[in-house]
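**Student:** Please read through the structure below; I'll follow up with questions.
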Amino acid sequence: MAEKLVIFDTTLRDGEQSPGASMTRDEKLRIARQLERLKVDVIEAGFAASSNGDFEAIKAIANAIKDSTVCSLSRANDRDISLAAEALKGAQRARIHTFIATSALHMEKKLRMTPEQVLEQAKQSVRFARNLMSDIEFSAEDAYRSEDDFLCRVIEAVINEGATTINVPDTVGYAVPELYGQFIKNLRSRVPNSDKAIWSVHCHNDLGMAVANSLAGVKIGGARQVECTINGLGERAGNCSLEEVVMAVRTRRDYFDLDLSVDATHILAASRMVSQTTGFVVQPNKAVVGANAFAHASGIHQDGILKARNTYEIMRAEDVGWSANKIVLGKLSGRNAFKQRLQELGVQMDSEADTITAFAKFKELADRKSEIFDEDILALVSEESVASGKEQYAFVSLAQHSETGEMPVATVVMTIGGKEVSATANGNGPVDASLKAIEVNVKSGAEMVLYSVNAISGSTESQGEVTVRLQNSGRIVNGVGADPDIVVASAKAYMSALNKLHSQADRVLAQG
Ligand code: KIV
Ligand code: ZN
């Protein structure tokens, strides 16, 4: 029987650390449910000690998720570990993931600790964590640039203290596949108790080799856990992409000979949900989930595909969820069809009243747009949490006037902490005027560093999806808004970014 490869998803932790990708509690919960549907083995739900918001999100995920292990990151200190354990209390299966840097550079310059102090702290933290639960992962941050002898001593010691998974990150994306694979193999052969833990890889994509390095860590090194994220979201150039690793191991089972629990048919929905929530657009030629991944434009390819699919296709589009996603809803679709689609998309509304409100919005949208795609539904339910008064800033209505040769003017009505306010402003264009009208009341002082509009489903009849990136006091957030009217979509995106700035005000970064 083939051995199992554990899929550890860190979209909600490492992915969220990518500038602008911060998510609200409800957004994280929705994605966690989709990850459970995808049957990932471990969901790293966040870093409990980083902020109250993250603590609450992990707690909500721990209480809701039944099938996957729920994990929290923690630095190697008692306070972080206790907070992680506290947030995970309600989980059916919980894991604490504690880490400390082991490279000379990080120990000296960042931690200002000697190697002996790091070794002691690593041991002490794993011992402390192990008294709180049995599933403990230890990561040696910047492991790939660490000195081998020291790394072996740390790993042996933490396994003796009870660590059950040993993660060997290439934190800065410096590795190349063959060397990284050999590195893991060498560590496993040198650490005397290496067979007492599962070995894990965690690779960043700075040189575009995160997936190749992870797979080499598995094939050459014998690692049996891969840490990865949906769409490869993550610090800087990102992390190892879950969809690529899963499909590589599945498609090339002849080579890897490993079993996976993942149900790949939910990959596309997960990819879209993460992209829509974070505002990180998926490039069209991205493997597995890009819009062109299964599109054959050239005549020769189309001809080949019509004669025999495997002439140009090594995977079937439907195996990763493409065909399922073509189902569209319209004006005549009833509440049951809507509810079923929500369920298929992994969206669970908080109450029947929320479902009724979302359905009313769906009907409103269907009056303005003949076909409703999954992206439209996801956009609509994302807005639902805003409209339900859970957020500080919520859109109510907008009126604007623009005419050639005249200065555009906009009036925006919104709620701030539940109280309705309105303001009028002029701007260069209707979008600029609307955002200035919002700022009359909010006065955020934030700087806009990105504004982009994308047609959700292709045509001019489709909804415009706007992404806004704001920066304030060193914090960067993305907001996403969708509406057939792109000025309204812009106002909603702007408010969504303001809400994230508001809710992330107290956050501490993991690798700071
Ligand atoms: O990249 C890294 O080293 C990490 C650790 C915290 C696991 O994300
Ligand atoms: Zn990382």
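Where a number appears in this text, it was derived from the coordinates with a stated rule and is not lab data. As the structure is a prediction and not an experimental result, all values here were calculated from the model. Using ideal geometry, Cβ is built from the backbone for each residue, glycine included, and neighbour counts are taken over all protein chains shown.
**Student:** Considering only residues that are among the hydroxyl-bearing types (Ser, Thr, Tyr) and in a strand (DSSP E or B), look in segment 433-482 and name the one that is surrounded by the most Cβ atoms within 10 Å (Cβ to Cβ).
**Tutor:** Filtering segment 433-482 down to residues among the hydroxyl-bearing types (Ser, Thr, Tyr) leaves 434, 444, 451-452, 457, 459-460, 462, 467, 473.
Now narrow it down to the ones that are in a strand (DSSP E or B): 451-452, 467.
Numbers: Tyr451: 16, Ser452: 12, Thr467: 25.
The extreme case among them is Thr467.
**Student:** Counting only residues that are crowded, with 21+ Cβ neighbours inside 10 Å and in a helix (DSSP H, G or I), which one in segment 188-211 is farthest from ligand 2 (Cβ to nearest atom)?
**Tutor:** Val211
**Student:** Name the pairs whose Cβ atoms lie under 7 Å apart, with the first residue in segment 356-372 and free of Cβ contacts under 8 Å to residues at least 24 places away in the same chain, the second in a helix (DSSP H, G or I) and of a type in the set (Lys, Arg), and 6 or more positions between them or separate chains?
**Tutor:** Short answer, once both residue conditions are applied: none.
**Student:** Follow-up. Under the condition of being touching a residue at least 40 places away in the same chain (Cβ under 8 Å), aliphatic (A, V, I, L, M) and not in a helix (DSSP H, G or I), which residue from segment 46-82 is farthest from Met273 (Cα to Cα)?
**Tutor:** It comes out as Ala76.
So that you can scan it fast, the table gives a plain yes or no per residue for (1) in contact (Cβ under 8 Å) with a residue 24 or more places away in the chain; (2) among the basic types (Lys, Arg):
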residue	(1), (2)
Lys443	no, yes
Asn454	yes, no
Glu465	yes, no
Arg469	yes, yes
Gly474	no, no
Tyr494	yes, no
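**Student:** Next question, about the same structure. So, of the residues in segment 158-173 that are part of a loop (DSSP other than H, G, I, E, B) and more than 23 Å from the chain's Cα centre (by Cα), which turns out to be nearest to ligand 2 (Cβ to nearest atom)? Before the answer, list the steps.
**Tutor:** Of segment 158-173, the ones part of a loop (DSSP other than H, G, I, E, B) are 161-164, 171-173.
Now restrict to residues that are more than 23 Å from the chain's Cα centre (by Cα): 161-164.
Values: Glu161: 23, Gly162: 23, Ala163: 18, Thr164: 20 Å.
Taking the candidates together, the pick is Ala163.
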